[in-house]
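Bear in mind that the values in this text are calculations on the coordinates, not laboratory data. Only a predicted model underlies this, so the values are computations on that prediction, with no experimental measurement involved. Heads up, the Cβs are rebuilt from the backbone with ideal geometry, glycines too, and the neighbour counts pull from every protein chain shown.
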Amino acid sequence: MNNWFKSGSPWVWLSAAGVSISLISVVGLLWLIASRGLSFFWPAQIHQFELVDPNGIKSTVIGEIYDVETIPAAQLSHTGIDTKGAETVERYLIKTGNRELVSLDFRWIVAPLIVNRSTPSKVAVIERRTNGNFYGFIEDVYMDGKAVTVEQLDTFIDRVNDLQDDIIDLQKTDIGAINYELERIRLAQRKAELDGNLTAALKADFASEVTALNAKYLLLEQRLNDLRQQVSRDKITVKAMGGELVDINLEQVINIHFNNQLTVIEKTGMFFSQIGSFIYQDPREANTEGGVFPAIFGTVLMVLLMTVIVAPLGVVAAVYLHEYAGNNGFTKLLRIAVINLAGVPSIVYGVFGLGFFVYMVGGSLDQIFYPESLPNPTFGSPGVLWSALTLAILTLPVVIVSTEEGLSRIPASMRHGSLALGATKAETLWRIIIPLASPAIMTGIILAIARAAGEVAPLMLVGVVKMAPTLPIDGNFPFLHLERKFMHLGFHIYDVGFQSPNVEAARPLVYATALLLVTIIVSLNMTAVSIRNRLREKYRSLEH
């Protein structure tokens, strides 16, 4: 036994056990996120429950079963519900929707109250732009006030969705461009006024431009009103679970599905269709419904911008510390500062970014370049640029340390041989040292991307918001608007999970968004790893 311990085998087994437990934990966590997140997109069966309460009052509940729990029968003793001597009873969490008729989307139903349970084939799930889903039986379909058959419903919905897309495109592209030009003219006139250059002729030019734009705006507004009239002309009458007849305008309808009629193949197609909608659509209903495309776009843009900033800064700092700085007290102090920066809480970086980048740098830029916009700030408010810079400072120590490690592994003979052949120190660094250290540089960038993509706390102070009305990129000059606020998947998870007014509806979205965030981080990391491996193969001959 003593020899076995001296051989080091126990420590090998302990290390293997630790690695195995870590892998199992990671796989288990990913499986939990994936199973909970992807199950949200699978079309659920719609159940109809016939209930009788202890007072003999009958009622009907229609909806999806979200959760099933087993509770002690003693919890129901004060309600008067007859549990027939059972020690435990089941209760079901039902998503009922129909917000205009009931106060909550979800309700609990205990099994002893259920006298009949069925899955009617004709019950419809109506996905709406506002007020969530509606569950019921379609009684009538009207087009221009005339009754038509239910079989024509899909055609009407496709027509309405096409019109809605035209309305959104008209509002964001054409009308948005006119509003942008009007604001640009207003700021140009204000700037000329501040500079004392606002002559009568210039003022008349501005007025003529505004008049021309207003004329275009009136034409677009008329076209917009025509589209709205077309989109609001059709409606359906639906019988709700309480027997009420509710008129729903197709303007509010996104899709109508009869889930209980779908085959497995049809459910699979709908499953992938809903995943696509989740990725490409904008959020609705306080982020508890719809998609997360603005959050995906904001996350990727911010991470890429941060990478472009932190990579040259980190490499230059590491090259200076390792190749040029002397081995003195000042260099040691710099290295200690870099190591300590890696341990600073991220929220502190957020406070620094808000105070230095936003208020000091951004406020100064507004005073110098955008005085006509004041007191409304341009760069003096949180935005995607300041978020990228803040995270660049946060991840800078990781890139510096990783690059220095790569530089230290390059043998001195490589430097001496290059210098002996007549190359300058700068040429040696650019052609020999940095290419050989590029895999280590990419390792630092990979770690920086992984940390930056998941950070939320500093972004809450320097740019991220619950809902961004426009993307940082559009068709208006200069096309990339780094001063705008943006949405982020990490903050979206926090907002939906902890700030949502509808917790039960938001819970599956938390898992789905978390799975999407993990997928994006893995994709960015795999791309960086692929680049690193190619660089390693490219410069392998130089190492030997």
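Between helix 293-319 and the chain, what is the angle of the helix's C-alpha long axis to the longest principal axis, kept within 0 to 90° and rounded to the nearest 10?
10
Relative contact order for the range 8-150: what is it in percent, counting Cα pairs under 8 Å that are at least 6 residues apart?
Relative CO of the range 8-150 lands at 19 percent.
From the residues SER39, GLY85, GLY63, which one has its Cα farthest along the dipole of the range 37-102 in the positive direction, the dipole being from +1 and -1 charges on Cβ of Lys/Arg and Asp/Glu about the Cα centre?
My answer, from the dipole projection, is GLY63.
Over what distance in Å are the Cα centres of the range 299-321 and the range 8-22 separated?
Here the answer is 36 Å between Cα centres.
In the range 422-514, which chymotrypsin sites (Phe, Trp or Tyr not before Pro) fall in coil by DSSP and have 16 or fewer other Cβ atoms within 10 Å?
PHE479
Between ASN533 and GLN222, 0.36 nm times their residue separation minus their Cα-Cα distance comes to what?
Value of the extension gain: 106.2 nm.
Taking 26 Å as the cut-off for C-alpha to C-alpha distance, list the pairs among LYS84/LYS122; LYS95/LYS267; LYS203/LYS485; LYS58/LYS239 that go past it.
LYS84/LYS122; LYS203/LYS485
Between SER208 and ILE336, what is the spin-label point distance in nm, taking each point 7 Å from the Cα along the Cα→C-beta axis?
Roughly 7.0 nm, to one decimal.
For the range 388-397, in order, what is each residue's ³J(HN,Hα) by Karplus, 6.51 cos²θ - 1.76 cosθ + 1.60 with θ = phi - 60°, in whole Hz (x at glycine and Pro)?
Couplings: 5, 5, 4, 6, 5, 5, 5, 9, 4, x Hz.
For Cα pairs less than 8 Å apart in space and 6+ apart in sequence, what is the mean separation divided by the residue count of the chain, i.e. the relative contact order in percent?
Over the chain, the number comes to 15 percent.
Largest first and to the nearest Å, give the Cα extent of the range 293-543 along each principal axis.
For the range 293-543, the Cα spread along each principal axis is 68, 45, 38 Å.
For the range 8-106, which GluC sites (Glu not before Pro) are both in a DSSP coil and crowded by at most 11 other Cβ atoms within 10 Å?
Here the GluC sites (Glu not before Pro) that fit, given the DSSP loop and packing criteria, are GLU87.
Treating the beta-carbon of each Lys and Arg as +1 and of each Asp and Glu as -1, no other charges, what is the dipole magnitude of the chain about its Cα centre, to the nearest 20 debye?
It works out to roughly 2140 debye.
Got a sec? Charge dipole of the chain, +1 on Cβ for Lys and Arg, -1 for Asp and Glu; which of VAL358, SER500, ILE336 is way out at the positive end?
Of the candidates, ILE336 comes out farthest on the positive side.
Let's test the formula: R0 of 51 Å, r as the Cβ-Cβ distance of THR199 and ASP154. What FRET efficiency results, to the nearest 0.05?
About 0.25, to the nearest 0.05.
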